[in-house]
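Enquirer: A single structure is presented below for examination.
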Amino acid sequence: MNRLRGTLMAAAVPLFLLAACAQPGATGAGSATGSGSPESAPASPRSGDDLVARVESYGGFVPPDRTVGSLPAVSVYADGRVITQGPVPAIYPGPALPNLQVVTLSPDQIQQLTQEATASGVRPGTDFGRPNVADAPTTRVTVRTDQGVQSVSVEALNEAQAKDPMLTAAQQAARARLAGFVKKLTDLSAGDATTASVAYEPTSLAVLARPYTEPAGDEPAQTPIAWTGPALPGDYLNPALKIGCVVVTGADVATVMTTARMANQLTPWTAGSGKYLITFRPLLPDEKGCPQFKGNR
């Protein structure tokens, strides 16, 4: 069985809001310790689509127009589904559609993960410190436990030096424990699951469209494709960046995805008199639509 990898591309650092039942309330990007606090959401999931655990990364030295709508490294759901980003071809430009993979864990494995989360420091009061690292991403870990939804945000979790003078021995140890838990989540193998890895088939798809800019220099020329989905660009998520968003649902999802499989990340899409660069963002089970992509860290 193939090993799932939660590798994040540099141009796709996660920047979206968790569903309302799993939004951290006291751990913003500026948190020095990364401490979390329990939410008012019930500890027990209400449906199979309820989020149990998530690892995402945000911030760092990434242009803001490249962070809108990007994907988490891993999402674990109450029915046992684990959705991660699978491997992608080492080509440029890359495929237009992300490679999302799904395996399923047993109820006992899900319970064990939530218990390990608390032991790894995903709880209020854990001090992860702030290392002497500039422009590094922040890792956010959110887990639904018996005490409610807990979340921690840790700057430069994997980038800090082993002997960083800004971190105490206790903070280094806390970081190591959390990094081990994150690695376990993002490197879940199909051998640990009750099902083999399969492609994630979304029931809805967000389409993020921005005005197309003709390539300069040595950028390869791209063949335009006619857009057949909902009218573009949709509602602007960020008027300054001119990024619009529409959601594709129902039978249109299969049609749009079939066309998208013929495209790459630099393909120009024509719609009426306009030409757009599109980011295809499959919506995960706990996600509802475009508004969640408007938030800024």
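Please treat every number below as a calculation from the coordinates, not as lab data. Treat the numbers as computed from the prediction; the structure is a model and nothing was measured. Note that each Cβ is placed from the backbone with ideal geometry, even for glycine, and that neighbours are counted across all protein chains shown.
Enquirer: Can you compute the label reach from residue 226? Point 7 Å from Cα along the Cβ direction, backbone N cut-off under 16 Å, restricted to segment 248-285.
Expert: 256, 259-260, 268-276
Enquirer: For segment 158-196 and segment 76-97, what is the separation of their C-alpha centers, rounded to whole Å?
Expert: Centre-to-centre distance over Cα atoms comes out at 20 Å.
Enquirer: Also, I was wondering about something else. Calculated FRET efficiency, residue 251 and residue 184, Cβ-Cβ r, R0 30 Å, to nearest 0.05? Intermediate results must be reported in sequence, preceding the final value.
Expert: Numbers: r = 38 Å, r/R0 = 1.28.
Calculated transfer efficiency: 0.20.
Enquirer: Mind ranking 96-102, 269-275, 217-223 by how tightly packed they are, going by the mean number of other C-beta atoms within 10 angstrom, highest first?
Expert: Working: 96-102: 18.9, 269-275: 13.9, 217-223: 9.1.
Output ranking for 96-102, 269-275, 217-223: 96-102, 269-275, 217-223.
Enquirer: Using per-residue counts of other Cβ atoms within 10 Å, averaged over each peptide, order 175-188, 234-247 from highest down.
Expert: Details: 175-188: 18.6, 234-247: 17.1.
Ranked from most to least packed, the peptides come out as 175-188, 234-247.
Enquirer: A further question on this structure: As I understand it, the dipole of segment 167-284 uses +1 on the Cβ of Lys and Arg and -1 on the Cβ of Asp and Glu, about the Cα centre. Which of 167, 225, 254 lies farthest toward its positive end?
Expert: After comparing all options, I get 167.
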